[in-house]
Amino acid sequence: MSGELVRVEVKSSVAWLVLNSPENMNALSRGLLEQIERAFIRFEADADVRCVVITGSGRAFSAGGDLLGFREDLTEHGVETLIERLDYAQRIFNRIEALPKPVIAAVNGYAIAGGLELLLCCDIVIAAASARIGDGHARYGIIPAGGATARLPRKIAPNRANLMFYSADYFPAETLEAWGLVNQVVPDEQLLEATATHAERIARHSPLGLAHVKRILGGGGRQTPAEDAKAEIEAFRQYAESNDLAEGLAAFGEKQKPTFTGQ
């Protein structure tokens, strides 16, 4: 897929999606978003894909939305055209978050504004030591429209989220690891290797079981703890007749490694 805005490669049941527009720091143009959408439609249907990694080429994971496109929409076509662009981006982010497979962000360089909103849709965040992550919208008089205000305060303490929104600063990866947004910070040259280690370990687990866990996690926090916990029982009821559960229990009893099929 050389020369395209998104490169995709599947290795060891892990799909690697590389944002490939380094000349504009992987700004989330309409064309790039369309290619992300096509890739995730494929991932949803492909049983051989059990985990997805998103990373960027060049100096950035993603520097955010296509502000030149925003300006063109607003000045030449009107506000509703801009709103449609933002709504489309939000639908793509929702699709990424809803993928019934774990998604890992491997953050190289800058993840700003829309880039932050993209990584917020991922389940795990691994960052290079040189990575800088921030909201950034306020620097240009823009407000978030890709779900950051909905997702960031659920990932870190609300007062820290407030600081990120209001200051528009770019924070070191180590700071955001301490705050809980980043799972692991690694030397720059080890980013892809460290991410592959996590992704390949995840891909060995039952894809059906992980899909259930992700669905439960996605619905959590909106009820009492007891009600959220009850959702685990309902998911287990659905999972109980699967081949993967039987395989895992048999492998444990026989002291063997299980082989999961997602059935």
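A compact table of results
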item: Qualifying positions in the stretch 75-85 - under 30 Å from ASP46 (Cα atoms) and crowded, with 16+ Cβ neighbours inside 10 Å; result: ARG85
item: Filter pass, ILE104 being surrounded by 15 or more Cβ atoms within 10 Å (Cβ to Cβ) and part of a helix (DSSP H, G or I); result: no
item: Top-ranked residue of the stretch 41-74 - restricted to ones that are among the aromatic types (Phe, Trp, Tyr) and buried (at least 18 other Cβ atoms within 10 Å of the Cβ), ranked as farthest from LEU208 (Cα to Cα); result: PHE61
item: Residue count, the stretch 105-158 (criterion: within 13 Å of the chain's Cα centre (by Cα) and aliphatic (A, V, I, L, M)); result: 14
item: Residue match in the stretch 25-36 (condition: part of a helix (DSSP H, G or I), more than 22 Å from LYS155 (Cβ to Cβ) and acidic (Asp, Glu)); result: yes
item: Conditions (1) at pLDDT below 95; (2) in the same structural domain as LEU118 (by TED's automatic domain parsing): number failed by MET1; result: (2)
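The values are calculated or read from the model by the stated rules, or taken from the named source; none is laboratory data. Since the model is a prediction, treat every value here as computed from it, not as a measurement. Glycine gets a Cβ as well: all are built from the backbone with ideal geometry, and neighbour counts include every protein chain shown.
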